[in-house]
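Scroll down for the structure; my scribbles are underneath it.
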Amino acid sequence: MNFTRKKLNMVVVGAGMYACGRGTKEYGTIIPAILEWKKKGSLGEVYVVGTSSKNIRISKNKIKKLEKYTGIKAPLTYFPQNRTNDLQCYKKAIRMVPKPAVCIIAVPDNLHSRIASEAIKAGVHTFVVKPLAPTVKEVLKLVSAGKRKGVYCAVDFHKRFDRANIKLKDTILQNVIGDPLYFLAEYSQRKSIPHKRFRKWVKNTNIFQYLGIHYLDIIYFVTGATPKRAMATGQKGWLFSKGINTYDSIEAHIEWETSSGKKFTSHILTNWIDPESTSAMSDQKIKVIGTKGRFESDQKRRGITIVTDEKGIEEPNPYFCSAYGKDGAASYRGYGIESIHQFLEDVMQITEYRLSIEELEDKRPTFKQSLVLTATLEAVNKSLKNNNQWVRVGSVKQYD
Ligand SMILES: NC(=O)c1ccc[n+]([C@@H]2O[C@H](COP(=O)([O-])OP(=O)(O)OC[C@H]3O[C@@H](n4cnc5c(N)ncnc54)[C@H](O)[C@@H]3O)[C@@H](O)[C@H]2O)c1
């Protein structure tokens, strides 16, 4: 590239576990990705937004340690700046950020659409962690607002960047295993996630919405098929006994149809009450049975086992978001980082008039692509409420 690129400014709304690893020993994914992005030479100002000066101070200290660890300093401004509590200060940050700018949103699920619509209204390109929003009504509003304002909007479905899932897509596209008959995906995390980390907002999500949506998106991404109807069952046990009225586990059964009229089923089994002693944060796997063969991918066991006196047996996934190199010069790599960098690079090219938002519609997890997933999520949630009945998934054609 033989021209100087503009600097891209950023607002990160939410400074918790995913943004900077607050409450964990790690540093999350979003801020590490932004520090890595700085190496490309096109990082402008970064505003990091929380809800209270006390919490933002904790995040600030965490990010300072990360800057030391990576040896990369970023031009960061923190909000709220002076008041003790300010749930609305994201509005000020979004208004103040110089253009071109992006807004990266990593707050509890029920707040995604409210904050995204504020960013879109201000003409800021918007990236939201999954799930985009729990209702089709919210997603529809966001899609049309984005179109009206001409801003690019995408969802952080980072599993699309995992080589194992890209291999799965190619295997299906090249007809290696024939027509899919059924998919089986299992995804679970440790019980401290709902019990401790998300305790304040766990009632605003559920385990299918938090984890199941990832594999729902992967099945959509690798087959291009349309979900037709859904049925879900769920169990309340351990969390309920701790005073948290949410499902420990949810199993969603979904029927799909391909563009050539072929049908298959997916079974997505999720829980968030794994023992704390499990060897990895996420236990995740996907299997597809086709008419000519099968594809199986254990996405927890990536072939590494570390055993220590201190931590027992650990099976890390080095492909998601891992730091490499020594203290003071560590660098982050993985599909979690790639997903954020892809969004930032797309925005750069849009602002340089080298790429149009329309061109990205079929290629990326855009807000419009999320309509079909949110419609399925709604059907799953409806089935859970209505005695586990089969529920039709609303057609996405009607949203065009
Ligand atoms: N933790 C992960 O590995 C992970 C991965 C992918 C996606 N996500 C998604 O990211 C989102 C946040 O998850 P998390 O793990 O970071 O949770 P978290 O509870 O650690 O952090 C959420 C943060 O949002 C902040 N917040 C709440 N209301 C706000 C407001 N009005 N303005 C600014 N900040 C506000 C909270 O103070 C908190 O710091 C969720 O939707 C989750 O599904 C998390």
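The values are calculated or read from the model by the stated rules, or taken from the named source; none is laboratory data. None of the values given here were measured: they were computed from a predicted structure. When we count neighbours, we look across all protein chains shown, and the Cβ atoms used for this are built from the backbone with ideal geometry, even at glycine. In case anyone asks, the SASA skips ligands and DNA or RNA and just uses the protein heavy atoms, side chains included. Shrake-Rupley method; radii C 1.70, N 1.55, O 1.52, S 1.80 Å.
Some observations on this one:
- Tally of residues being of a type outside the set (A, V, I, L, M) and part of a strand (DSSP E or B) across segment 230-275: 18
- Applying the criterion of being touching a Lys or Arg at 6+ places or on another chain (Cβ under 7 Å) and in a loop (DSSP other than H, G, I, E, B) to the residues of segment 276-291, the residue that is nearest to the ligand (Cβ to nearest atom) is Met281.
- Residues that are open to solvent by 20 Å² or more (accessible area, probe 1.4 Å), charged (D, E, K, R) and farther than 30 Å from Gly293 by Cα are absent from segment 170-179.
- Condition check for Phe264: under 20 Å from the mean Cα position of the chain (by Cα) and surrounded by fewer than 23 Cβ atoms within 10 Å (Cβ to Cβ): no
- Top-ranked residue of segment 119-130 - restricted to ones that are within 19 Å of Gln342 (Cβ to Cβ) and outside any strand (DSSP E or B), ranked as farthest from the ligand (Cβ to nearest atom): Val124
Yes or no, residue by residue, for (1) in contact (Cβ under 8 Å) with a residue 40 or more places away in the chain; (2) within 13 Å of the ligand (Cβ to nearest atom); (3) of a type in the set (A, V, I, L, M):
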| position | (1), (2), (3) |
| --- | --- |
| Phe183 | yes, no, no |
| Gln189 | yes, yes, no |
| Val202 | yes, yes, yes |
| Arg229 | yes, no, no |
| Ala232 | yes, no, yes |
| Ser241 | no, no, no |
| Ile254 | yes, no, yes |
| Ser259 | no, no, no |
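- Any hit, segment 292-305, residues being outside any helix (DSSP H, G or I), of a type in the set (Ser, Thr, Tyr) and over 24 Å from Ile104 (Cβ atoms): yes
- Residue in segment 48-69 that is within 19 Å of Ala119 (Cα to Cα) and more than 9 Å from the ligand (Cβ to nearest atom) present: yes
- Residues in segment 365-400 that are assigned to a loop (DSSP other than H, G, I, E, B) and open to solvent by 50 Å² or more (accessible area, probe 1.4 Å): Asn386, Asn387, Asn388, Gln389, Trp390, Asp400.
- Of the criteria (1) surrounded by 21 or more Cβ atoms within 10 Å (Cβ to Cβ); (2) more than 12 Å from the ligand (Cβ to nearest atom); (3) not basic (Lys, Arg), which one Ile213 fails: (2)
- If you go through segment 146-172 and pick out every residue that is part of a helix (DSSP H, G or I) and either more than 16 Å from the ligand (Cβ to nearest atom) or at pLDDT below 95 (or both), you end up with 13.
- If you go through segment 94-114 and pick out every residue that is within 9 Å of the ligand (Cβ to nearest atom) and crowded, with 17+ Cβ neighbours inside 10 Å, you end up with 6.
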